[in-house]
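**Q** To start, I am sharing the structure in question, which I have written as structure tokens.
The values are calculated or read from the model by the stated rules, or taken from the named source; none is laboratory data. Just so it is clear, the model here is predicted, and its values are computed rather than measured. Every residue, glycine as well, gets a Cβ built from its backbone with ideal geometry; the counts of neighbours run over all protein chains shown.
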Amino acid sequence: MYDSTDVPSVYPNIYTDDIDDYLLVYNPLSEKGVTVLNRESRFIFSQIDNKRTLDDIVALAKKEDPKIRFRHINRIFKDFFSAEVIYFDSPKLKVKKQSKQLGVWLHITNQCNLRCTYCYVQKTNEKMTDKTAYLAMDKVFQSAKKHGFGKINFKFSGGETLLELDKIINLVHRAKRLGKKHHIQVDFVVLTNGILLTKKVVRRLKENNLRVSVSLDGLAQYHDQTRVFANGQGSFKYVEIAIENLHKARVLYNVSVTVSSRNIEGLPGLTKYLLARNIIFNFNFYRENPYVKEQLEVDTKKLIASLKKAYRLIYENPPPYSVINGLLDRVFFKKPHLFACGMGNSYIVVRHDGRIVSCQNLLTLQPPIGSIGDNDLVEVIEKGNFVRPRGLTIEQKTPCRDCQWKYICCGGCPLLTFQQKGRYDVNSPYCGVYKALIPEVLRLEARRLIKYGS
Amino acid sequence: MNLHEARIMTAENVFPARDRAPVASAALTHQPLPASGDKFRSDISSMGSLADGVYIDFKTDNDCACGLVY
């Protein structure tokens, strides 16, 4: 119970928006997500001016509803407080600096059965040997334990990972054993183009409780323009079968969409397809790389317009599960953070040859920063952090520090920012897109809560 | 205005904890979109272990790229 003389205050930088009679309230400093107020709670919320006591607010509320009592107002303030949209005394929320989860990107193979036009991997016949893979796994756990990570998220990548399914399953078994031994939780995702997701393969994934991320860039020609076999033939029809197989076998999976100038027009159609099948999906903006000769980045205006069309479909019929963390590239609403990614802090990329690089986009573009032969892989990535000045957080980026959204976008991919602007301490080239669309994405979450909570 | 009806909606109170994490469970069937939160909850409950604490969100707090995460 609060005291009648307590003064509630709204968190600074809180974002509000009207959704019909409802009020969307979002605190970027909180992990609680979007809060929606109905007409009545909205009225009470609007009486907070950071000076009035609860008694003052009750008096104002009585003018609107003479039957209202202090205890009723107290209850709703308890809800506001619990949703972290208000505070008493002083604001308590702070952004945590270090993640307790370690991301490990294991580049299992350079081999691939596709030749996607925007791929950042130079295909060769090389792949990770068992010896390298096992040593990498052992070293990762050793270092994670030393640095106090409570969970490791492994991502098996390539090339095409399913060409090495036996190896992956062996590694998963090994990781589970090591996790148990070191008391570290483990999680696995297999990245795949989907071509090899036959019923048999899917069954094996299911047996081993593996999650899958399938690349799908659009329906029919929108996918087939970029995701092709060596002979130029598109791969959509195979991915469609793969999704069907995953569905039937009840394997956990998501669809990863790389948004480029080639598929931007087809994004609404793809969204409709994914929503109709209740498929979790992520939109990721294409990143330039030196192996791609054509211009695949999307014009800002076109990108915003097309994403808005896709969002409209979600708004009209929101799925019961939250989709907002996958709708806007690097923008992550789940919790406030200081860095756009784990590079240099909590993210290890192991190449097929056992060398360590800072980021998978630099697989062959950066001289390795270490190898699995080194004693402490977390120390290796810390030393290999390429961002300058070292330890740069979003709070130090000049144009970002006053931005309302800084803790959820964190200035986007640092690599992209450097590629396009020649420095790290500035905002993302996608800043305008993020700012234009973050409010739209928040509305989608509010709409979901209204649909299922009303 | 009847201020007794004041209430707020958050993911926590609209979707109880057990149902919040397994967001992808719905993606595991070809069922049409659930008509309501209750229906969704019963769909998930029937999926047994998949719904039991499986953390399904494909984004974590330190990943990036290829659709997974950041």
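**Q** So, in the range A:53-71, exactly how many residues are in contact with a helix residue (DSSP H, G or I) (Cβ under 6 Å, 6 or more places away or on another chain) and either among the acidic types (Asp, Glu) or at the interface with chain B (Cβ under 9 Å from one of its Cβ atoms) (or both)?
**A** Going through the range A:53-71 one residue at a time, the tally reaches 3.
**Q** Take the residues of the range A:24-49 that are aromatic (Phe, Trp, Tyr) and farther than 11 Å from residue B:5 by Cβ: which is surrounded by the fewest Cβ atoms within 10 Å (Cβ to Cβ)?
**A** Within the range A:24-49, the match that is surrounded by the fewest Cβ atoms within 10 Å (Cβ to Cβ) is A:45.
Residue by residue, here is whether (1) buried (at least 16 other Cβ atoms within 10 Å of the Cβ); (2) farther than 29 Å from residue A:238 by Cβ; (3) small (Gly, Ala, Ser) holds:
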| position | (1), (2), (3) |
| --- | --- |
| A:104 | yes, no, no |
| A:108 | yes, no, no |
| A:115 | no, no, no |
| A:120 | yes, no, no |
| A:124 | no, no, no |
| A:133 | yes, no, yes |
| A:141 | yes, yes, no |
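**Q** Between A:149, A:154, A:77, A:88, which is within 30 Å of residue A:58 (Cβ to Cβ), of a type outside the set (S, T, N, Q) and within 14 Å of chain B (Cβ to nearest Cβ)?
**A** A:77
**Q** Would you pick out the residues in the range A:94-135 that are in a strand (DSSP E or B), within 27 Å of residue A:285 (Cβ to Cβ) and away from chain B (no Cβ under 12 Å)?
**A** Of everything in the range A:94-135, those that are in a strand (DSSP E or B), within 27 Å of residue A:285 (Cβ to Cβ) and away from chain B (no Cβ under 12 Å) turn out to be A:106, A:109.
**Q** So which residues in the range A:237-261 are outside any helix (DSSP H, G or I), buried (at least 18 other Cβ atoms within 10 Å of the Cβ) and within 12 Å of chain B (Cβ to nearest Cβ)?
**A** Within the range A:237-261, A:251, A:252, A:253, A:254, A:255, A:256, A:257, A:258, A:259 meet the criteria.
**Q** Sort out which residues of the range A:7-23 are exposed (fewer than 15 other Cβ atoms within 10 Å of the Cβ) and closer than 16 Å to residue A:44 by Cβ, and write them in order of number.
**A** Correct list: A:21 only.
**Q** Kindly establish whether residue A:330 is charged (D, E, K, R), closer than 29 Å to residue A:30 by Cα, at the interface with chain B (Cβ under 10 Å from one of its Cβ atoms) and under 18 Å from the mean Cα position of the chain (by Cα).
**A** Criteria met by residue A:330.
**Q** Can you tell me how many residues within the range A:76-102 are exposed (fewer than 14 other Cβ atoms within 10 Å of the Cβ), more than 25 Å from the chain's Cα centre (by Cα) and either under 28 Å from residue A:378 (Cα atoms) or of a type outside the set (Asp, Glu) (or both)?
**A** Summing the residues that are exposed (fewer than 14 other Cβ atoms within 10 Å of the Cβ), more than 25 Å from the chain's Cα centre (by Cα) and either under 28 Å from residue A:378 (Cα atoms) or of a type outside the set (Asp, Glu) (or both) in the range A:76-102 gives 3.
Rundown of residues vs (1) under 20 Å from the mean Cα position of the chain (by Cα); (2) crowded, with 21+ Cβ neighbours inside 10 Å; (3) among the hydroxyl-bearing types (Ser, Thr, Tyr), yes/no style:
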site	(1), (2), (3)
A:342	yes, yes, no
A:350	no, yes, no
A:420	no, no, no
A:427	yes, yes, no
A:440	yes, no, no
A:448	yes, yes, no
A:454	no, no, yes
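**Q** Within the range A:206-226, identify whether any single residue is crowded, with 24+ Cβ neighbours inside 10 Å and assigned to a helix (DSSP H, G or I), and answer yes or no.
**A** yes
**Q** Being within 14 Å of another protein chain (Cβ to nearest Cβ) and closer than 15 Å to residue A:132 by Cβ is the filter here; which residues of the range A:351-362 pass it?
**A** A:357
**Q** Quick check on my filter: what residues within the range A:262-285 are more than 11 Å from chain B (Cβ to nearest Cβ) and out of contact with any helix residue (DSSP H, G or I) (no Cβ under 8 Å at 6 or more places or on another chain)?
**A** The answer is A:273, and nothing else.
**Q** Continuing with this model, one more query. Would you point out the residue of the range A:286-311, among those that are touching a helix residue (DSSP H, G or I) at 6+ places or on another chain (Cβ under 7 Å) and under 29 Å from residue A:363 (Cβ atoms), that is nearest to the other protein chains (Cβ to nearest Cβ)?
**A** A:287
**Q** Okay, next question. For the range A:431-454, enumerate the residues that are within 14 Å of residue A:403 (Cα to Cα) and aromatic (Phe, Trp, Tyr).
**A** A:434
**Q** So in the range A:72-93, with the set limited to residues that are charged (D, E, K, R) and without any contact (Cβ under 8 Å) to a residue 60 or more places away in the chain, which one is nearest to residue A:129 (Cα to Cα)?
**A** A:92
**Q** Residues in the range A:300-321 that are in contact with a Leu (Cβ under 9 Å, 6 or more places away or on another chain) and either over 16 Å from residue A:267 (Cβ atoms) or modelled with pLDDT under 95 (or both): how many?
**A** 4
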